[in-house]
Amino acid sequence: MTYNTILAELSQGVFTLTLNRPDKLNALNDAVAAEVQAALKSAERDETARCIVLTGAGKGFCAGQDLDALRNRPDELSFRQHLLKTYHPIAAKLRSIEKPVLCAINGAAAGAGLGLALACDIRYAAAGAKLRFAFSGIGLAPDTGASFFLPRLMGLSRALEFAYTNDPVTAEEALTLGLVNKVVPAEELQAAVRALAVRLAQAPTKALGLTKRAMNAALNFNIDQALDYEAHLQEVAGHTEDHREGVAAFLDKRPPKFKGK
């Protein structure tokens, strides 16, 4: 499929989706949202795409909503319907797609762009990148999952301070707050994320998908519910080709060759 606002590439089992509006710091609009949704659906269906990487072109990851698109908005614009059509399906898909989803935060991540980054499974940030809540800076409440992820990652009080003040945090501060997993020099970011993505693409990705499903569900479970759901998912995992291969490889003392099935 040909895209106008994003780049999509599949190599070594890694599907890389790059927001490609560098002159706008990859700000989001309806066209970007539609293409990202289409690309993620394609990656989800493609069995050869076993890991997904989300990043941005140029100096920024994603500046959030393109405000130029809202400058002449009609008074009757429904913000709710706008979100339900554009960014919220993307955040939901990033969480529900049963493949590892990595984010390479190569520069500024703000507003809805921050929400998309937080919806990914693992985040690496370039040294010098900054994260900003942004919504309160233009008189808006959080969207794109920011209210869900921030308190869970950094704690309620710190999340509220981050939101209320709208002060940016550096990549290094984000690491201490639990917002990112690792900070690397900017020139090494893509290589570092790529190395992890290729490694995960060679892993038992069916089991990784079930692990993601379990942890998503456990956020709203009590211990008994979590244990019961683990038993259910282990029943599924135990009958996969990858489980049989993993056991055989262990007993044969050789590296496993997982197929994601």
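The values are calculated or read from the model by the stated rules, or taken from the named source; none is laboratory data. The structure displayed is predicted, hence computed values, not measured ones. Using ideal geometry, Cβ is built from the backbone for each residue, glycine included, and neighbour counts are taken over all protein chains shown.
Only one entry in Thr176, Thr144, Thr205, Thr170 is in contact (Cβ under 8 Å) with a residue 12 or more places away in the chain and either farther than 26 Å from Arg50 by Cα or loosely packed, with under 15 Cβ neighbours inside 10 Å (or both), namely Thr170.
Here is the figure for segment 242-258: residues that are surrounded by 14 or more Cβ atoms within 10 Å (Cβ to Cβ) and touching a residue at least 12 places away in the same chain (Cβ under 8 Å) total 6. For segment 211-230, the set of residues classified as part of a helix (DSSP H, G or I), among the polar types (S, T, N, Q) and surrounded by fewer than 15 Cβ atoms within 10 Å (Cβ to Cβ) consists of Asn216, Gln225, listed by residue number.
Taking Ala49 as the residue in question, decide whether it is more than 14 Å from Ala146 (Cα to Cα) and touching a residue at least 60 places away in the same chain (Cβ under 8 Å). When the stated conditions are applied, Ala49 does not pass them. With at pLDDT below 95 and either surrounded by 17 or more Cβ atoms within 10 Å (Cβ to Cβ) or in contact with a helix residue (DSSP H, G or I) (Cβ under 9 Å, 6 or more places away or on another chain) (or both) as the only criterion, which of Leu54, Leu77 stands out? Of the residues listed, the single one that is at pLDDT below 95 and either surrounded by 17 or more Cβ atoms within 10 Å (Cβ to Cβ) or in contact with a helix residue (DSSP H, G or I) (Cβ under 9 Å, 6 or more places away or on another chain) (or both) is Leu77. Answer yes or no: is there a residue in segment 63-71 that is part of a helix (DSSP H, G or I) and not hydrophobic (A, V, I, L, M, F, W, C). Looking through segment 63-71, at least one residue is part of a helix (DSSP H, G or I) and not hydrophobic (A, V, I, L, M, F, W, C). Among the criteria (1) under 20 Å from Cys51 (Cα atoms); (2) in contact with a strand residue (DSSP E or B) (Cβ under 6 Å, 6 or more places away or on another chain); (3) crowded, with 16+ Cβ neighbours inside 10 Å, the one Lys182 does not fulfil is (3). Pull up segment 73-126, narrow it to residues that are among the β-branched types (Val, Ile, Thr) and assigned to a loop (DSSP other than H, G, I, E, B), then point me to the one that is nearest to Ile52 (Cα to Cα). Filtering first and then ranking leaves Ile97.
Scanning segment 19-33 for residues that are farther than 18 Å from Ala110 by Cβ and without any contact (Cβ under 8 Å) to a residue 40 or more places away in the chain returns a single hit, Ala31. Checked against the criterion of being out of contact with any Leu (no Cβ under 9 Å at 6 or more places or on another chain), touching a residue at least 40 places away in the same chain (Cβ under 8 Å) and in the same structural domain as Ala163 (by TED's automatic domain parsing), segment 95-111 contains one or more residues that satisfy it.
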